[in-house]
Amino acid sequence: MAKSEVYRALGLTDEEYQRILDILKREPTPTELAMFSVEWSEHCGYPRSRSLLGLLPKTGKYQTLIGEDAGGIILDDLAVIFKMESHNHPSQVEPKQGAATGVGGIIRDIFTTGARPIACLDSLRFGPLSERYNRYLLRGVVDGIQFYGNCVGVPTVAGEIYFEESYSGNCLVNVMCIGVARKDRIARARAFGAGNSIMYVGSSTGRDGIGGCSILASKEFKQGEEKRPTVQIGDPFTEKCLIEATLEALATGYIVGIKDMGAAGLTCSTSEMASVGNSGIEVELQRVPRKEKNMEPWEVMMSESQERMLLCVQEGKEDQIRKLFLKWDLNAVVIGKVTDDGMVRIKDKDKVVAEIEAHSLTQAPIYNMAHKKPEYLDELNELDISTISEPKDYNDVLLELLSSPSLASKEWVYQQYDHMVQTNTTVLPGSDAAVLRLKQTNKAIAATTDCNSRYCFLNPHRGAQIAIAEAARNLVCSGAEPAAVTDCLNFGNPEKPDRFWQFKNCVEGIAQGCRFFNLPVVSGNVSFYNENPKGAIYPTPTIGMIGVINDISHICTQFFKKEQDVIILLGSSKEELGASEYLKVIHGKIKGDAPDLNLELEEAVQHCALESIRKGLVNSAHDCSEGGLAVALVECCISNKEKMIGATIDNLLFKFRKDAVLFGESQSRIIISCNEEAVNRIKDIAKENRVPFCIIGRTGGKTLRIFQKKKELIDLELKKLYEVWAGFLPRQIQR
Amino acid sequence: MKFGVVVFPGSNCDQDCFYVIKDVLKQPVKYIWHKDTGLDSLDCVVLPGGFSYGDYLRTGAVAKFSPIMKSIVDFANRGGFVIGICNGFQILLEAGLLPGAMLRNKNLHFICKFVYIRTENNHTAFTNFCHKHQVLNIPIAHNEGNYYIDEEGLQELKRNNQIVFRYCAPEGNVNEAYNPNGAMYSIAGIINKQGNVLGMMPHPERSSEKLLNSEDGLFIFKSIVNAVAMRR
C-alpha cells in the first residue's frame, strides 16, 4: 500500500501528514503513524470543535474542578465529579456491547479521578419504532445498559428517550456518570518524577476495538460497511473489581497519577499523562499483558480493550500497589517508567518503535470550520397556525399524545435497570430528576439530562438554551439549586458547513445560557459525523446537569400528594405550537420555530418555585415540557402509580386557541400543588419575583377533567390514562 | 451482637448492608473477605446481593467454591444466623444450605421495583418483629428470582413452615398478578429446617430508611438483633 493510502486510511489528511513529518523531522514508523491518527482524531484531540468549546464558562457559584477525564464541583468536604460521553456509532453497529462499553467507559472516567461512581443517567435517541431495526436497537441498547450497569453496581437513576426519523441509521447513546470523593482525594491523569513507575492494571490487551475512536467515531457511516469488529466487548465484573482495587490503591497515597485506557487505549494514556505532567514516559510493550498472540506494536498501542488503567506509581511502592490489585485477581504490571526528556518512547523487545514528543501528540491541530445556515431552515421556520385545524375531541388528542413514543412512560426501560443499589436513590425514576442523598451529610444532589433536538433542529441557538433552561427547571422542581453542567454534543459531519453552523449556534447558545444562569460546564464530549445515508441527525447537544439540595427535607417530586390540594401554574402560556410534539404527532408537521425563551422570566420562575419549596409550602412541582400543560397534568396525576390522584382544572385562561393552551410548549412554566393555607404565601413569593401566578384547579378524584369555563374539554379516568401511557412501550417492543 | 458482611468479588450490596447495620441499626459489623475463613465471634453472617464472580456460569455457582463458604456451612451447622439476600440467596441454594433453585425471571428481564411481601411465618429469628401476615414493602432487583422446587420439596417447605415470605398485593392477598418473577407459590424467601438460615430475593437493606421510601426492611434486621439477644 502506498504511504498516502496508509495515512488516509487511518483518517489523517495530507496536511496532517506533512505536520507529522515536520514534528519528527523524519518518516513516522507505523506505530507512530497510528498514534498520531488516534490522538488527532476528533474523538481525542477535538481539532474541529476546540476553537468553539473555549466559549463555555468554567466558573459558577460552586468552586469547580476541571480535570483531564471529568470535572465537577466542590461541595463542603466532597467533590462531586461527573461527565457525559457518547457511544453512538458502536451502539448502532452492535447495540448491546456498544451501550455496555459506553457505560463502562464513562464509569472509568469517573473513578479514575478517585471518585466512587454513584449513579448513571442515559440519554438515548432512536429512529421510529415502526422500523424493525430501530426496535432491535432499543432492545439491544437497554439490554447493554442493564447488563453492564446492574453488574457493576452503579445505579442507573434517570435518563430520557426520544424517537425521531433523523436517528434512523444513527442512534445516540449518551451516558452520564456521577461520582463522589473526598475533596482531598482527587487524582489527576498525569505522570511525573523521573524514575517513578508506569504500571498497567486490569484486563489483558487484545485486538478488540482497534480504531474504535478514530475509525468509528470520526467518520460517517457508509452503507454496508462491516464495522462490528471495531466495537469493544465489556466485562462489568472485571470493572467492578477494578473500581474497588483502584479506589483502595488511590487511598494509599502512592499513586502520582492515573488514567483509564478508553478511546485510543495505551496511546492516549501514555501521551496524555506525560503531557499533563510535563515529563516523558518510556514503555516496553512486551510487558503488556496480552490475550492474543503475535500482536503488532501498533495494535497494542491502538487496542481499546476494556477495563484497563495506567498508573504512575511512586518508585519503591510498586509491590504494595501490585498486591492490592492481585487481591482482586487483576493484572498489575510495571511496563515502564517516567523520564525527564518529555518523550513518549515505546519499545518492543528493546527496539524503539515510537519516539514522539508528548505535547506534539496531545496538541492536535485546530481547524476553523466553514459554517453556513442551512437553506431549508427559513421555510421550515414559517408556520401559519391558521392552517392547522383545531381538534374536535380533545380526549382523543390527549390519549394519542400519551401513547406517542417520546411521551409514553419509560417504565419498561428503567425497571430493567438497578436504580437503587448503593441506597442513595431518594427519588426513583419517573419524576423530573433523580435525587441522590449524600451519606453522612444532610444534603442531596439532583441530576437530569435534557435536550429537545427538534427545537435545536429548528433553532439551534435557542434550542440549546432551552435544554439548559429545562434541565435547570427539572432540578428546581426536585428542590435543588442548579449547580453545574456536562454536555455531550452530538452533531453531523463538521466538514459540511450547514452541520457546522448548527454546532456553532448550539455551542454559543449553551455558553450564553450557562453564563446567564451562572452554571459552569465542567466536562463534556463532542461526537461528530452522526449521519446516515439520508443526512445528518438533528443537532443534539445533550445537557447533563447537577443541582444541590442543601437540606434533604427540601426534596420534592412531581406527582400530586393528596386530595383537595390547590393546583397553581407559575409562568405564562403563549400561543406557540411550533416544533411541538402536538404538531408532529397529531398533524404530522415538523415546522415552526422553537418556543420563545425569556431568560429573565425563566430565572424568576425557577427562583419562585425553589423558594416556595424550601419554605415547605409545596407538595409537588412539575415542569411543563413536551406535550404542554395537559400532558404535564396527566403526569402529575399518574406517574406515582401506587397513589394516583386526579384533578379538576377549571380556571385556565383561554386567551387563544384551545390546542395551544393545552398542548403548546411555552417555556418557563411549573405546575405546583399545595395546601390551601400555603396559597397566599406562594402568591406573595410569585409577586416578589414578578412571576405570573394562577390557581388553575384542585386535586382529587379518579379522573382528570379540564374545563374551558363551563365547557368540558378533557374528562378521562386515570386508569385509562395510565393504561395508554404505560402500555405503549411494552406493546411496541413485543411486536 | 456482631454482624459480618461477606464480600465476594462482584458483590455490590455489601456496602449497603454494612451501612444499614452500622449507621441505622447501630450494631457492630465487619466485612469478611471471601478468601478469609474465620467467622468466630460473629452472631450473624450476611451474604449480600450483587453479581459474585459476575454471575458467570450460573448465579452463585462460582461463589460456592470460595474459601469462606466452607466456614459459612460450618457456622450454619453450629446454629449461627445466616441471611442471604438476592445473590446471597442464590449462593445459599447453590451451596445446599437451602433447598430449591432459581430460574430466570418469567419475563426474561431484570426487574428492579418495589414489591409487597407477606410474612408467612413470624416465628423465626428473622421475622419475630413482624406480626402474622404482615405486609412489607421492599424492593427487588434481579434477573434470576424465579424460585423453583419440585412438588415434594414444596410440600415439605409448607409442612415445616419454611416459607417465610410470599409476594402479595398491597393488601396482602397472594395472587399471580403480584408475583413479579414467576416464583413457584409466589415464594420470596425461605428458611432452613433448623430456622437459622434465611434466603430472600427482596432487599431489606434498600428499605430501612424513611428517606428511601420504606423502612419495612428494618423489621428483618431488628428481628435478628432480637433473636441474638434472646439466645443469650
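No value in this document is a laboratory result; all are computed from the given coordinates. Just so we're clear, the structure is a prediction, and the values are computed from it rather than from any experiment. A quick note on method: Cβ atoms are made from the backbone with ideal geometry, for glycine too, and the neighbour counts reach across all protein chains shown.
Legend: calculated FRET efficiency, B:LYS35 to A:VAL352, from the Cβ-Cβ distance at R0 = 56 Å, rounded to 0.05, equals 0.85. Using only Cα atoms, find the angle between the long axis of helix A:14-24 and the longest principal axis of chain A, and express it within 0 to 90 degrees, rounded to the nearest 10. Once rounded, one gets 50 degrees. By other beta-carbon atoms within 10 Å, ranking A:TRP501, A:TRP40, A:TRP725, B:TRP33 with the fewest at the front produces B:TRP33, A:TRP501, A:TRP725, A:TRP40. Using 0.36 nm per residue and subtracting the Cα-Cα separation, the extra length available between A:GLU712 and A:LYS61 on full extension is 229.7 nm. Two numbers describe the Cα atoms of the stretch B:62-142: Rg and Dmax, which are 14.8, 39 Å. Between the amide H of B:GLU120 and those of B:PHE165, B:ARG166, distances stay under 5 Å, these residues lying 5 or more places away or on another chain, with hydrogens modeled in the peptide plane. Calculation over all alpha carbon pairs of the stretch B:115-166 in 10 angstrom steps from 0 returns a P(r) of 23, 45, 32, 0 percent. Put simply, the protein assembly as shown fits an ellipsoid with semi-axes of 42, 41, 24 Å; these come from the alpha carbon gyration tensor as the roots of five times its eigenvalues, largest first.
The ranking of A:ASP235, B:ASP40, A:ASP623, A:ASP684 by Cβ neighbour count inside 10 Å, starting from the fewest, reads B:ASP40, A:ASP684, A:ASP235, A:ASP623. Please compute the contact order of chain A in relative form: average sequence separation of alpha-carbon pairs under 8 Å and at least six residues apart, divided by the residue count, as a percent. Computed value for chain A: 15 percent relative contact order. Placing R0 at 35 angstrom, the Cβ-Cβ distance between A:ASP77 and A:GLU723 gives a FRET efficiency of 0.15 after rounding to 0.05.
With all pairs of different alpha carbon atoms counted, what Kirkwood hydrodynamic radius in Å does the stretch A:488-600 show? The Cα-based Kirkwood calculation yields 17.9 Å. Normalised size of the stretch A:464-542, defined as Cα radius of gyration per 2.2 N^0.38 Å with N residues, equals 1.19.
Here the contact order of chain B, divided by its residue count and restricted to Cα pairs under 8 Å and six or more residues apart, works out to 20 percent. Other protein chain C-beta atoms within 10 Å of residue C-beta, averaged over B:8-16: 6.
Across peptide B:46-57, the mean count of Cβ atoms from other chains lying within 10 Å of each residue's own Cβ comes to 3.
Per residue of peptide A:412-420, the mean number of Cβ atoms on other chains within 10 Å of the residue Cβ is 6. Computed from the Cβ-Cβ distance with R0 of 41 Å, the FRET efficiency linking A:LYS702 to B:HIS109 stands at 0.85.
Spatially, the stretch B:164-232 and the stretch A:332-360 are offset by 57 Å when compared through their Cα centroids.
In plain terms, if you count all Cα to Cα distances in the stretch A:39-154 and split them into 5 Å steps from zero, the share in each step is 2, 10, 16, 18, 17, 16, 12, 6, 2, 0, 0 percent. Across q = 0.12, 0.17 Å⁻¹, the stretch A:566-704 modelled as identical point scatterers on its alpha-carbon atoms has Debye log10 I(q)/I(0) values of -0.47, -0.93, in the order of the q list. Between the listed residues A:LEU438, B:LEU92, B:THR127, the Cα displaced farthest toward the positive end of the dipole of the protein assembly as shown, a dipole computed from Cβ unit charges relative to the Cα centre, is found at B:THR127.
Going from the residue with the fewest nearby Cβ atoms within 10 Å to the one with the most, A:ILE586, A:ILE445 rank A:ILE586, A:ILE445. Dividing the C-alpha radius of gyration of the stretch B:3-231 by 2.2 N^0.38 Å, with N its residue count, gives 0.91.
Sorted from longest to shortest, the spans of the Cα atoms of the stretch A:106-189 along the three principal axes equal 51, 24, 19 Å.
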